[in-house]
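Inspection log for the structure reproduced underneath, given as structure tokens.
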Amino acid sequence: MKQTTVHDCKIVDIRKYTDNRGYLSVIEGCIDIPFEIKRIYYLYMVPEAARGAHAHKALQQFMIATSGSVHITLDDGTEKKTFVLDKPWKGLLVVPGLWRTLDNFSGGAVCMVLASEKYEAEDYIRDYGEFLKYKEL
Ligand code: TYD
């Protein structure tokens, strides 16, 4: 987990079923994403300020802007990469060991996060200096 980089993360097309009634997208754990989903949380009514600004030691996540758009910047201590989520059928697979910041929420944006583990405060690294030490940088 310490050696992960921003290049281990990617935007994934979520499968969708379309007919004259509209779109339906589905995500099944261990089929569409590489982990079982143990928790779902979502961010909404976010004002100008950024969210996130932490890293996880083990947690895997899959992030989707189910409505509106959001920018997600990942940082492995050496390199940063910003991903734009702006479609309900696009998701970002985020591996552990990366510092993340979520900002630029559009009006009405909802960012849903599927997580591989239940909430564990001990899995968080909330200090950037500590993060760099964790990455051995
Ligand atoms: P926080 O980690 O600060 O949000 P962000 O992801 O934007 O950095 O979480 C805000 C609050 O919500 C904090 O008190 C912890 C709580 N929380 C839970 O209880 N369970 C969860 O699954 C999450 C993600 C947060």
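The values are calculated or read from the model by the stated rules, or taken from the named source; none is laboratory data. If you're wondering where the values come from, they're calculated on a predicted model, not measured in any experiment. Glycine also receives a Cβ, built like all others from the backbone with ideal geometry; neighbour counts cover every protein chain displayed.
A few points about this structure:
- Answer from LEU132, LEU92 - the residue that is modelled with pLDDT of 95 or more and closer than 22 Å to ALA49 by Cα: LEU92
- If you go through segment 1-44 and keep only what is more than 19 Å from CYS111 (Cβ to Cβ) and in contact with a Gly (Cβ under 7 Å, 6 or more places away or on another chain), you end up with MET1, LYS2, THR4, GLU36.
- The residues of segment 117-137 that are away from the ligand (no atom under 12 Å from the Cβ) and either in a loop (DSSP other than H, G, I, E, B) or among the aromatic types (Phe, Trp, Tyr) (or both), listed by number, are ASP127, TYR128, PHE131, TYR134, LYS135, GLU136, LEU137.
- Conditions (1) within 15 Å of the ligand (Cβ to nearest atom); (2) without any contact (Cβ under 8 Å) to a residue 24 or more places away in the chain; (3) among the charged types (D, E, K, R); (4) within 27 Å of LYS16 (Cβ to Cβ): number failed by GLU48: (4)
- Applying the set (1) at pLDDT 95 or above; (2) charged (D, E, K, R); (3) within 16 Å of the ligand (Cβ to nearest atom) to ASP76 leaves exactly one unmet item: (3).
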